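Structure, as structure tokens:
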Amino acid sequence: MGKKEKLPQVKIDLKAWSKELVEYLGGSENIISATHCLTRLRLVIKDENLINKAKVETMPNVKGTFKSSGQYQIIIGTEVEKYFKEFVAISGVEAVSKEKAKAIANQNNGGWFLKSLNFLGEVFIPIIPVLVAGGIILGFRNILEADFNGFIIVKSGQFWQGLNDFLWIPAQVCFWWLPVHLCWSIFRKMEADQVMGIVVGLCLLVPPLMNVYEVSGEASQDGGFKWIWQIMAGMDDGAFDWGFMKYPWKIQYTAQVIPAFAIGIVGAYINKWIKRTSPAVVSQIVVPLVTILPTFTLAMFVIGPAGFIVASVISFAISWAFTNNIAKYFFGFIIGMAYAPIVLTGVHHLFNAVFVQDTIQNGGNFLFIGTCAQAIAQGSAVLGWILVNKKDPRAKDVGIPSVVSAYLGVTEPAMYGVNLKHMYPFVAASIATGLGLELAVISGVSATNSGNGAWLGILNVQVESKIEGVNTWIGTGYTWFMISMILTAAVSIGLTMVFSKVKYFEKFNIEVKAAELLK
């Protein structure tokens, strides 16, 4: 007596669930197409006025809905694939790829800016798992090479040195060869020959082109900024010698994102053009030749150098914001506050480019710590919301999976399922992210590239920051990373509970406001 009986878990009849959803969506004739991602069912709807949103939201396992990129998105969780299969079978709706769904949605929604953001995000999505895996490997190597008060693991025995050398190979493939991954993804997205994309990417990396790490290292010497032409002028054999000029520079665009992006797009356009215009009888020779040589020429003479200059300026600006003796005391908070709204736009996928570029040029980056703080803050805000609504049994059902997901680096269920709907958890999480990132910045917590962007982000933290002019506080970066993230979680939970009592937030309409923010 007195003990609460554990309620049996109800198994959902997916056929009945799908029939119900079709009815609430206004019938199968109101659904143009369907696809899904990691956690969401993504639908292109003919007339959204026919959707019974209240009913959809109360369906079992539905953690929330919102509109983004012209699609009506229903948050299910990581089991979304089996729901999607049954839904497509019951509704008779066309199942399409994410790319095609966005193309259909964008026919009548969004201008060039939104389409550009979608394009950039979709290019990065297939290679994010590679960056995460590479980040974890680099994080482990970072621990092996770290100086713990005079004790360095790789110097304690040959096994550890051998393991460190062994792991360097996959780490290089994940990050050094990023132009190959990017060019392949761009060619794939633009429906060009994917093998040609791989070859174009490889053309940016092979000797006698010079290792970009050496070039970037020169750029940050003496704590100042050097233009690429100043760096290459001081290097022996730094350019191709034609007799009458020495140009282009022999730069390996290792781990470079902006040059690779531009080169990939140009190469894909050239490939599609030559495929259309080339006579079939000579296409096997002409198509690869015209794709590779002109793209490589443009890459080395124009696109690559210009992209390198732009990337260097961006990297220098971000580094300045986080390391300047005055700017670092407020830029961490400002960027942290803006992080969650940036995630809503989809632009955060491009941060992977900044992680890589900043680490290559400056030895480490602070922005990845912001990714970790943002995910932890969003999950903690949901935890605060659960505590506020502890008498509501549905709060735990919706909230707990969202917290777990966010703490593992996937924030969509938390943001769209809870925080945006009620707004006060979202505001609380944004403030907490700013405070957490600010503490991390001033305590000198920097990262090597990217990895799992939440609690496991500690694997990518530098024991002592390798960014010039940054001194990590006593206790190593690991200690201050955890202190910063615990502060982030505590502030997010606390502010969520405080803001829940503020009447101002009662006026926010759950669905309308989320949709407006995501336009």
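The values are calculated or read from the model by the stated rules, or taken from the named source; none is laboratory data. These numbers come from a predicted model, not from an experiment. Every residue, glycine among them, receives a Cβ derived from its backbone with ideal geometry; neighbour counts consider all protein chains shown. Note: areas computed on protein heavy atoms with side chains; ligands, DNA, RNA excluded. Shrake-Rupley method; radii C 1.70, N 1.55, O 1.52, S 1.80 Å.
What residue, among those in segment 33-78 that are among the β-branched types (V, I, T) and touching a Lys or Arg at 6+ places or on another chain (Cβ under 6 Å), is surrounded by the fewest Cβ atoms within 10 Å (Cβ to Cβ)? First the steps, then the outcome.
From segment 33-78, those among the β-branched types (V, I, T) are 35, 39, 44-45, 51, 56, 58, 62, 65, 74-76, 78; that's our starting set.
Now restrict to residues that are touching a Lys or Arg at 6+ places or on another chain (Cβ under 6 Å): 35, 75.
Values: T35: 22, I75: 26.
Selected residue: T35.
Kindly check whether there is at least one residue in segment 225-237 that is at pLDDT 80 or above and open to solvent by 10 Å² or more (accessible area, probe 1.4 Å). Give the steps one after another, and end with the answer.
Within segment 225-237, the first condition is being at pLDDT 80 or above, and the residues that meet it are none.
Taking every residue of segment 225-237 in turn, none turns out to be at pLDDT 80 or above and open to solvent by 10 Å² or more (accessible area, probe 1.4 Å).
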Original post:
Taking helices (runs of 4 or more DSSP H) that do not extend beyond segment 235-334, which have at least 1 residues that are touching a residue at least 40 places away in the same chain (Cβ under 8 Å) and under 25 Å from the mean Cα position of the chain (by Cα)?
Top reply: 258-277, 304-323
Subject >> Sole exception among (1) modelled with pLDDT under 80; (2) surrounded by fewer than 21 Cβ atoms within 10 Å (Cβ to Cβ) for E29, by number >> reply: (1)
Original post:
Is it fair to say V427 is at pLDDT 80 or above, open to solvent by 30 Å² or more (accessible area, probe 1.4 Å), closer than 20 Å to F331 by Cα and over 14 Å from the mean Cα position of the chain (by Cα)?
Top reply: yes
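Only one residue in V445, V418 is in contact with a strand residue (DSSP E or B) (Cβ under 8 Å, 6 or more places away or on another chain), surrounded by 21 or more Cβ atoms within 10 Å (Cβ to Cβ) and part of a helix (DSSP H, G or I), so which one is that? Talk me through it step by step, then tell me what you get.
Working: V445 fails: part of a helix (DSSP H, G or I).
On inspection, the qualifying residue turns out to be V418.
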**OP:** Run A260 past the list (1) small (G, A, S); (2) modelled with pLDDT under 75; (3) on the phi < 0 side of the Ramachandran plot and report the number of the one that doesn't hold.
**Re:** (2)
Original post:
Hey, among the residues in segment 187-204 that are under 24 Å from the mean Cα position of the chain (by Cα) and free of Cβ contacts under 8 Å to residues at least 60 places away in the same chain, which one's most open to solvent (accessible area, probe 1.4 Å)?
Top reply: Q194
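Residue-wise test of (1) closer than 17 Å to G264 by Cβ; (2) modelled with pLDDT under 75; (3) part of a helix (DSSP H, G or I).
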| position | (1), (2), (3) |
| --- | --- |
| L120 | yes, yes, yes |
| V130 | yes, no, yes |
| R141 | no, no, yes |
| L163 | no, no, yes |
| L182 | yes, no, yes |
| S185 | yes, no, yes |
**OP:** Might you let me know whether segment 396-414 holds any residue that is under 23 Å from A317 (Cα atoms) and buried (at least 24 other Cβ atoms within 10 Å of the Cβ)?
**Re:** no
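When segment 18-55 is examined, which residues are found to be part of a helix (DSSP H, G or I) and in contact with a Phe, Trp or Tyr (Cβ under 7 Å, 6 or more places away or on another chain)? Can you show your working first?
Just the residues of segment 18-55 that are part of a helix (DSSP H, G or I), to begin with: 18-24, 28-30, 48-50, 53-55.
Within segment 18-55, S18, L21, E48, K55 qualify.
Among V154, V93, which is in contact with a Phe, Trp or Tyr (Cβ under 7 Å, 6 or more places away or on another chain) and modelled with pLDDT of 70 or more?
On the way: V93 fails: in contact with a Phe, Trp or Tyr (Cβ under 7 Å, 6 or more places away or on another chain).
When all the criteria are applied, what remains is V154.
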